[in-house]
Amino acid sequence: MTGRFPILYIAEAGAQDAVLSCGVLAYLVEAMPLARFTIVGSPASAPLFADTPRLDRLIVLEKESRLDWFGLWNQVRSTNWGLVVDMRGSALSGKLKRQKRAVRGEREPGVHAVELAARVLQLDEVPRPQLFVSEATQAAANALIPAGEGPLLAVGPGAEWMGRRWPAERFAKVASALVGEGGPLEGGRVLVVGAEADRDAAHTIRLALPRHRTIELQGRLSPLQAVAAVGRCTLYLGGDSLWTDLAVASGVPVVAAYGPSDEVERGPWGGVAVRGPRSVEEYRKIDPRLDQAILHMNDLPAERVLKAARKLLAERV
């Protein structure tokens, strides 16, 4: 291992969880310029850290069986680590040679995941989620965005679970009002990000806008490329999804439509979460485990999200 202060960072397996806590890693990168990093992640979370400065190794823990953890231990046990940061709270970090160890504790009701991550290092200030983007990643994202004038509005209409998916027609209505005549982003274009499964939602947004005003990139961007692309935008609209968390990590202003999600614990850090009339507890009365095939988000009107977007844009001028 090269470098004067080797740091081992064990990221969460879930991509959204890893993004929510990634400000801790960014803090270490910026606060410790002599540090070198080895990062462990899952197939879903490891690619998020591929462009981290001074990265020596990016290790993908394919599964989480005892055999996989033993294999990981064999890869990292020979190093005398300056610091081990364990965002999974695993037993592994306690068995390694290190000067210091920081381990994530249990979830605390009512405390945001970003704040809990900062407590791992006992930081006085909470670093915002931030993912690093290399010049090559930025160039790859830029190549997919046609040249054009006016501001860019990013929209991430998808969500893994249909219960957290706001109707595409309402995303389209808000986007049209923002980039249309008299809107705060008048003359702008709409950049749609998400998974390939969000194609129908993207088409709905495209049909609501004038020709050549929509850039459909759903299914065409890696998570880091999405950070790069959204980082070029003036505003991001989304829901409770990985794409919204990536937008937060890009530093762009975020407005997110929330329903059966707890924005207090997992809302867009530094952004705006817009709720309908029901609380999370009221959703749970209908859907106790929040996993049924129910369109929970139909009670959030487009006007409420549009108002929040206009207000946020006015504050950023």
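Apart from one condition, I215 fits all of (1) touching a residue at least 24 places away in the same chain (Cβ under 8 Å); (2) aliphatic (A, V, I, L, M); (3) surrounded by 23 or more Cβ atoms within 10 Å (Cβ to Cβ); the exception is (3). Within the stretch 70-102, the set of residues being open to solvent by 50 Å² or more (accessible area, probe 1.4 Å) and assigned to a helix (DSSP H, G or I) comprises F70, W73, N74, Q75, K95.
Of all residues in the stretch 5-37 being touching a residue at least 40 places away in the same chain (Cβ under 8 Å) and more than 20 Å from the chain's Cα centre (by Cα), which is nearest to F70 (Cα to Cα)?
If we filter the stretch 5-37 for residues that are touching a residue at least 40 places away in the same chain (Cβ under 8 Å), which is where we start, we get 5-13, 15-29, 35.
With more than 20 Å from the chain's Cα centre (by Cα) added as a condition, the list becomes 5-8, 35.
Values: F5: 24, P6: 21, I7: 19, L8: 16, A35: 26 Å.
Across the stretch 5-37, the extreme among qualifying residues is L8.
Of all residues in the stretch 14-41 being among the small types (G, A, S) and closer than 20 Å to L96 by Cα, which is surrounded by the fewest Cβ atoms within 10 Å (Cβ to Cβ)? Out of the qualifying residues, it is A35. Taking the listed residues R289, R284, R310, R278, the one that is in contact (Cβ under 8 Å) with a residue 60 or more places away in the chain, over 23 Å from A44 (Cα atoms) and charged (D, E, K, R) is R310, with no other qualifying. Among the residues of the stretch 273-317, those identified as under 24 Å from the mean Cα position of the chain (by Cα), basic (K, R) and open to solvent by 80 Å² or more (accessible area, probe 1.4 Å) are R289, R304, K307, R310, K311, R316. Within the option set D56, D17, being out of contact with any His (no Cβ under 7 Å at 6 or more places or on another chain) and closer than 23 Å to G251 by Cβ holds for one residue only, D17.
Only one of the listed residues (L92, L123) is more than 25 Å from the chain's Cα centre (by Cα), touching a residue at least 24 places away in the same chain (Cβ under 8 Å) and under 24 Å from R4 (Cβ atoms). That residue is L92.
Does the stretch 244-262 contain any residue that is of a type in the set (V, I, T), open to solvent by less than 10 Å² (accessible area, probe 1.4 Å) and free of Cβ contacts under 8 Å to residues at least 60 places away in the same chain?
The first filter runs over the stretch 244-262 and keeps only residues of a type in the set (V, I, T), leaving 244, 248, 252, 254-255.
Now narrow it down to the ones that are open to solvent by less than 10 Å² (accessible area, probe 1.4 Å): 244, 254-255.
Subsequent filtering for residues that are free of Cβ contacts under 8 Å to residues at least 60 places away in the same chain retains 254-255.
Looking through the stretch 244-262, at least one residue is of a type in the set (V, I, T), open to solvent by less than 10 Å² (accessible area, probe 1.4 Å) and free of Cβ contacts under 8 Å to residues at least 60 places away in the same chain.
Which one of P151, P127 is more than 23 Å from L48 (Cβ to Cβ) and of a type outside the set (A, V, I, L, M)?
Numbers: P127 fails: more than 23 Å from L48 (Cβ to Cβ).
Of P151, P127, the one residue that is more than 23 Å from L48 (Cβ to Cβ) and of a type outside the set (A, V, I, L, M) is P151.
With R128, R164 as the choices, which residue is of a type in the set (D, E, K, R), surrounded by 18 or more Cβ atoms within 10 Å (Cβ to Cβ) and in contact (Cβ under 8 Å) with a residue 24 or more places away in the chain?
On the way: R128 fails: surrounded by 18 or more Cβ atoms within 10 Å (Cβ to Cβ).
Exactly one residue qualifies, and that residue is R164.
Among the residues of the stretch 53-68, is any surrounded by 14 or more Cβ atoms within 10 Å (Cβ to Cβ), in a helix (DSSP H, G or I) and in contact (Cβ under 8 Å) with a residue 12 or more places away in the chain? Checked the stretch 53-68: no residue is surrounded by 14 or more Cβ atoms within 10 Å (Cβ to Cβ), in a helix (DSSP H, G or I) and in contact (Cβ under 8 Å) with a residue 12 or more places away in the chain. Among the residues of the stretch 23-79, those identified as touching a Leu at 6+ places or on another chain (Cβ under 8 Å) and small (G, A, S) are A26, A35, G41, S42, A46, A50.
The values are calculated or read from the model by the stated rules, or taken from the named source; none is laboratory data. Keep in mind that what you see is a predicted model, and the values were worked out from it rather than measured. With ideal geometry, Cβ positions are generated from the backbone for all residues, glycine too; neighbour counts draw on all protein chains shown. The area values use the complete protein model at the heavy-atom level, side chains included, leaving out ligands, DNA and RNA. Shrake-Rupley method; radii C 1.70, N 1.55, O 1.52, S 1.80 Å.
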